[in-house]
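K.L.:
Okay, here's the structure, questions in a sec.
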Amino acid sequence: MNQHIKTILWIAVAMLGAFAVAGIALNRGESINALWLITAAVCIYAIAYRFYAAWIAAKVLVIDETRATPAERLDNGRDFVPTNKWVVFGHHFAAIAGPGPLIGPTLAAQFGYLPGTLWILIGAVLGGAVQDMVTLFFSTRRNGRSLGQMARDEIGMVGGSAALIGTFLIMIILIAVLGLVVVNAMKHSPWATSTVAATIPIAMIVGVYMRNIRPGRVLEASIIGVVLLLLSVVLGGWVDHHETLRPLFDHDGLPLAYAIILYGFAAAVLPVWLLLAPRDYLSTFMKLGTIILLAVAIVILRPEIHMPAVTQFVDGTGPIFGGKLFPFVFITIACGAISGFHALIASGTTPKLLGNERDIRMIGYGGMLLESFVAIMAMIAATVLDPGVFFAINSPAGVVGKEAVDAVAKINSWGFAVTVEQMQQLASDMGETTLFSRTGGAPSLAVGMASIFGSAFGKELLALWYHFAIMFEAIFILTTLDAGTRVGRFMLQDLLGNFNKKLGETSYTPSVILTSSIVVAGWGYFLYIGVIDPNGGVNILWPLFGIANQMLAAIALCVATGILVKSGKLRYAWVTGVPLVWLVTITTTAAYEKIFSADVRVGFFAAANDMSAKLAAGLLPADKAAVAQQLIFNQHLDAYLTLFFIVVLWVVILDMVRLCLRYLGGKPVLKLSEVPHEPSRLVENWVRD
Amino acid sequence: MFKKLWCFVRHVSGDDAYEQYLKHHAEFHQATVDTPPALSRKAFFKLWQDSKWKGINRCC
C-alpha cells in the first residue's frame, strides 16, 4: 500500500515537471511566469536525485556503507575528521558555489531564457552533478587524493600534468574576469565603491574578533559582520550624497583595477585569519541569506519573465558576447550546469571529512543540484527585466555607442523597446548616475534582484536593495579573488620547490612575495586588458574562462571514465562518457571558432587582424589607437591560450582512450589505486548500540 | 524544538567546534601520563583555521 502511494507521488512529480518544462519550452505567447521555471527545476531535481543519483550510487559506483572512509581510517583530528553530513554539505556547497552561477546565466540571457535554463537543468542533472559525485567517490576510495594525483595514478603522467597546469591557468583567467566584473560594477559609482571598500575593514574586524577577542565564536562574529555589512550599504548612500566624500570614491575603471590588483596582492600575503577566513564566513552567511530571501521573494511575487524564450542573437550577433547559441551558451554557463572546478573541491577537501560513503550522493550530487538552483534564480533575476533595459545595461559602449541616444536607438533597432528617460529614471531609482554599458553581469543582476526585492518588500528602498545586491556579489567575488590568488601562489611555490627547495617553503617571505607577485601580475594583466577594451573585456575573457573550465571538467570525466572501464564496468561507462563526449564537442567547437572564425566578434585572430588593418589605415579614434597594440597582442595571446587548452584536452582524451583500449585488449595498464576494503567501526558501533 | 534547531545551526556553522573537540579529547585521550592536555580555545581555533585554509578551498 505504502509502496503504491510512493509510486503515485513520484508519477505526479514527474508529470508536474514535464508539464512545467513543456510550459516554458513551448510557450510563444506574451510572457510566462517565473514560477514555472522554479517548478520545472524542483521536479527535475527531485526525480534526478531520487532515481538517477540513487541508481548511480547503487549500481555504477556500488557505494558500500560498511566500508571505512579515509576520514575514519586516517582520523588525525585535523585534515581527516569524520564529520556530520550536514556540516560537510555546508562546507562543500560554500566552496563550490561562488559568483560563477550568478554571472554565467546573466550573460547567457542574451539568447533568451530558454536555452540557458534547459542547459542549467539538463547539464546539472546529467553532467555536473554526476561529475561531482563520481569524483567525490573515487577520491574517497583513494584517501582523498586530488584530481591531478588521481589523473597521474590512473591515466599517466600526461593526464596528471595537464590537470595541474589547467587548474593554474583557469585560476588566473577566472580571477581576472571576476575582477573585471567588480570593476565594472564600481565604475563611477561612489555608493558601490565605498560599500565594497568597507567590506575590507569589516572582514578585518571580524577576523580580529574571532582570533583575539572571542576566539572561535563564529556565530557572534558573523552576526556582528553581517550587521556592519548592512550598515555599510546604508552609509554608502550617505557617502554618495556627501559633497567632499563623493569624489574620493568616484573613479574610472583603470584606477579601480589597480586598487583591486593591489588588494589581491595584500590578501595573498597577509595572514589568512585577518582577511580571508573572516571574509569567507561572512560571504557564506550573506550567500545563504540572500539566496533564501530571493527564493522567498520569487515565490511571493511570482514575477513575469519579460525576456523572449529565444532572441534573434542565437545567430551569433549578440551584443554581450559574440558567437552562436551552439556552442557558446554551453561554455558561458559553466558553473550551474557543469564545472571542472568542482572536481578540485570534490577531490581533496570534502572526501577527507566524509564519515560514510552513503553521504556521497547527498553531498556530491545534491550539492551540485543546489548550485544549479542558484543559477536558475540568477536566470530569473536577469530575465524579469525588460529586455531593452537588460541589453542597455549589458551592451558595451563599443557595440552600442557611448551616448545614451545612440545606445537606445541601436537597441530599439533590434526590436527591444527602451527609452533614454526610462533608463534615467531607473538609474536614479537605483541611486546611480547611469546604467548604460555596465557590463559584466553584476549590475544587471543587481537591478533584477532589486526589482524583485523591491516589489516583494517595498519599492521605496530600491537604491538600497540595488547596492545591497552589488555588495552581496562583490563580497564573494572578492572571496574567490583573494583565495584564488593564494591558491595560485601555493601551486607556484609547489612547482618552484622542484627547482629550489627554499622557494617551495610556504612560509619563506621572499618566496611568498615573489610567487604572489607573479600570480597577481598574471591575472592583473588580463584584468588591465579587459578594462581598456572598448568592446568590454567580458566578451573576450568569459569565453576563455568557460573553455578552460569545461576543459577541466572533461579531464575529470576522463579520469572517471578511465577508472570505470578499468574496474570492469564498461557497460556503465556511458554515465560519465556521455557528458564527456558532449563537453569535448562543445569545448572543441568553441575553441575552433575562437581561433579560426572570420567574425571579428568571435575569432581572436580575426579581431587582431581587423584592428591591425584599421590601425594601419588610421581609421581608429585616438583613444582606441593608443591601446590598439596591446589589444592586438592580447588577442594573439588569447588565441594561443585557447589552442593550448584544446591540445591539452585532446592529449588527455587520447591517453585515456589508449588506456581503455589496452585494458579491453587484455594488455597491462596502470593498476587501480583504490585503497583495499576495511570495515567501518563507526557503523559497527552504531549497529551494536 | 528550538533548542535542537539552535544546536544544529551552531554545529553546521562550526560554532561548537571547540566543545566537540573537548568532548572528543575527554573520550579518546583519557588523562594518562603521556597524553598532552587539551588545547586552549584560542590555540584550537588557530589550528582549526590554519588547517582549513590549506590548499584549494574555493571555486567559481
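K.L.:
For A:Val208, what accessible surface area do you get with a 1.4 Å probe? Give it in Å², rounded to 10.
P.N.:
In the full protein context, A:Val208 sits at about 50 Å².
K.L.:
Computed FRET efficiency, Cβ-Cβ of A:Val62 and A:Phe633, R0 41 Å: what is it to the nearest 0.05?
P.N.:
Numbers: r = 52 Å, r/R0 = 1.28.
With R0 = 41 Å, the Cβ-Cβ based efficiency is 0.20.
K.L.:
Tell me, what ³J(HN,Hα) does each residue in the stretch A:63-78 have, in order and in whole Hz, if you take phi through Karplus 6.51 cos²θ - 1.76 cosθ + 1.60 with θ = phi - 60° and put x for Gly and Pro?
P.N.:
For the stretch A:63-78, the Karplus curve yields 5, 10, 5, 8, 8, 6, 7, x, 4, 7, 5, 10, 3, 10, x, 10 Hz.
K.L.:
Suppose we compare each residue of the stretch A:215-263 in its chain alone and in the full protein complex with a 1.4 Å probe; which ones drop by at least 30 Å² of accessible area?
P.N.:
Listed by number, the residues meeting the 30 Å² cut-off are A:Pro215, A:Gly216, A:Arg217, A:Val218, A:Leu219.
K.L.:
Still on this structure, I have one more. Relative to the present Cα-Cα distance, how much length would full extension add between A:Asp623 and A:Ala409 at 0.36 nm per residue of separation?
P.N.:
Values: separation 214, 0.36 × 214 = 77.04 nm, distance 2.38 nm.
Result: 74.7 nm gained on full extension.
K.L.:
Quote to one decimal, in nm, the extra length available between A:Trp238 and A:Leu219 on full extension: 0.36 nm per residue of separation minus the C-alpha distance between them.
P.N.:
4.0 nm
K.L.:
Modelling each spin label as a point 7 Å along the Cα-to-Cβ direction, I'd like the A:Arg658/A:Ile205 distance in nm, to one decimal.
P.N.:
Between A:Arg658 and A:Ile205, the simple spin-label model gives 5.9 nm.
K.L.:
Need the C-alpha centroid separation for the stretch A:158-221 versus the stretch A:623-654, integer Å.
P.N.:
Distance between centres, Cα-based: 27 Å.
K.L.:
What do you reckon, how do B:Met1, A:Met611 stack up by accessible area (1.4 Å probe), largest on top?
P.N.:
The most accessible residue leads, giving B:Met1, A:Met611.
K.L.:
Tell me which aspartates and glutamates have Cα within less than 18 Å of B:Lys42's Cα, excluding those fewer than 8 residues away on the same chain?
P.N.:
Candidates past the 8-residue exclusion: A:Glu220, B:Asp15, B:Asp16, B:Glu19, B:Asp50.
K.L.:
By accessible area of protein heavy atoms, probe 1.4 Å, what ranking do A:Glu432, A:Glu65, A:Glu593 get, highest first? It would help to have the intermediate numbers written out before the result.
P.N.:
On the way: A:Glu432 15, A:Glu65 90, A:Glu593 45 Å².
I get A:Glu65, A:Glu593, A:Glu432, largest accessible area first.
K.L.:
Whole-Hz ³J(HN,Hα) for each residue in the stretch A:508-523, computed from phi via Karplus 6.51 cos²θ - 1.76 cosθ + 1.60 with θ = phi - 60°, x for glycine and proline: what do you get?
P.N.:
Result, ordered by residue: 7, 4, x, 5, 4, 5, 4, 5, 4, 4, 4, 5, 5, 4, x, 6 Hz.
K.L.:
Shifting gears a bit: Under 5 Å between amide hydrogens, which residues at least 5 positions from A:Ile305 or on another chain qualify, with H placed 1.01 Å from N in the peptide plane?
P.N.:
Amide H neighbours of A:Ile305: A:Ile32, A:Asn33, A:Ala34.
K.L.:
Using only Cα atoms and rounding to the nearest 10 degrees, what angle (0 to 90) does helix A:129-140 make with the longest principal axis of chain A?
P.N.:
50 degrees
K.L.:
Ignoring everything but the protein chains, give the 1.4 Å probe accessible area of A:Trp650 in square angstrom, nearest 10.
P.N.:
Solvent-accessible area, nearest 10 Å²: 100 Å².
K.L.:
Tell me the per residue accessible area of chain A using a 1.4 Å probe; a whole number in Å² is fine.
P.N.:
Per-residue accessible area for chain A comes out at 37 Å².
K.L.:
Still on this structure, please answer the following. Using a 1.4 Å probe and counting only protein heavy atoms, how much accessible surface gets buried when B and A come together, both sides summed, in Å² to the nearest 100?
P.N.:
3200 Å²
K.L.:
Now for a different question. How do A:Tyr52, A:Tyr365 rank by accessible surface area computed with a 1.4 Å probe, from largest to smallest?
P.N.:
Largest to smallest exposure gives the sequence A:Tyr52, A:Tyr365.
K.L.:
Next question. Kindly flag which residue pairs out of A:Lys324/A:Lys624; A:Lys187/A:Lys287; A:Lys85/B:Lys23; A:Lys402/A:Lys459; A:Lys501/B:Lys54 have an alpha-carbon separation exceeding 21 Å in this structure.
P.N.:
On the way: A:Lys324/A:Lys624 27 Å; A:Lys187/A:Lys287 23 Å; A:Lys85/B:Lys23 19 Å; A:Lys402/A:Lys459 30 Å; A:Lys501/B:Lys54 19 Å.
From the list (A:Lys324/A:Lys624; A:Lys187/A:Lys287; A:Lys85/B:Lys23; A:Lys402/A:Lys459; A:Lys501/B:Lys54), the Cα-Cα distance tops 21 Å for A:Lys324/A:Lys624; A:Lys187/A:Lys287; A:Lys402/A:Lys459.
K.L.:
Hey, another quick one. Any idea how far apart A:Asp252 and A:Phe457 come out in nm if each label point goes 7 Å out from Cα toward Cβ?
P.N.:
Result: 3.8 nm between the two label points.
K.L.:
Magnitude of the Cβ-charge dipole of the protein assembly as shown, K/R +1 and D/E -1, about the Cα centre, nearest 20 debye?
P.N.:
Magnitude of the dipole: close to 1980 debye.
K.L.:
Sticking with this one: Quick check: from the Cα gyration tensor, does chain A come out rounded (a/c under 1.5), prolate or oblate?
P.N.:
Taking the square roots of the gyration eigenvalues as a ≥ b ≥ c, chain A is rounded.
K.L.:
Using a 1.4 Å probe over the heavy atoms of the protein chains, calculate the carbon and sulfur portion of the accessible area of the stretch A:297-340 as a whole percent.
P.N.:
Of all accessible area on the stretch A:297-340, carbon and sulfur atoms account for 64 percent.
K.L.:
Got a sec to turn the phi values of the stretch A:489-506 into Karplus ³J(HN,Hα) couplings, 6.51 cos²θ - 1.76 cosθ + 1.60 with θ = phi - 60°, whole Hz, x for Gly and Pro?
P.N.:
So the J values, rounded to whole Hz, are 4, 4, 5, 5, 5, 4, 5, 5, x, 5, 9, 9, 4, 5, 5, x, 7, 6.
K.L.:
Setting aside same-chain residues fewer than 8 positions from A:Lys566, which lysines have a Cα under 17 Å from its Cα?
P.N.:
Result set, ordered by chain and number: A:Lys59, A:Lys667, A:Lys671.
K.L.:
Rounded, prolate or oblate for the stretch A:196-299? Axes are the square roots of the Cα gyration tensor eigenvalues, ordered a ≥ b ≥ c, and the cut-off for rounded is a/c under 1.5.
P.N.:
The shape class here is oblate.
K.L.:
For a test of the definition: using alpha carbon positions, the gyration tensor, and the 1.5 limit on a/c, classify the stretch A:534-593 as rounded, prolate or oblate.
P.N.:
prolate
K.L.:
What percentage of the solvent-accessible surface of the stretch A:383-467, computed with a 1.4 Å probe over protein heavy atoms, is contributed by carbon and sulfur atoms?
P.N.:
57 percent
K.L.:
Please work out how much accessible surface A:Ile63 shows to a 1.4 Å probe, ignoring ligands, DNA and RNA, in Å² rounded to 10.
P.N.:
Spelled out: A:Ile63, probe radius 1.4 Å, area about 40 Å².
The values are calculated or read from the model by the stated rules, or taken from the named source; none is laboratory data. The structure presented is a predicted model; accordingly, all values stated were derived computationally and were not measured. Because the Cβ atoms are built from the backbone with ideal geometry, glycine has one as well, and the counts that use them run over all protein chains shown. Just so you know, the surface numbers come from the protein's heavy atoms only, side chains and all, with ligands and any DNA or RNA stripped out. Shrake-Rupley method; radii C 1.70, N 1.55, O 1.52, S 1.80 Å.
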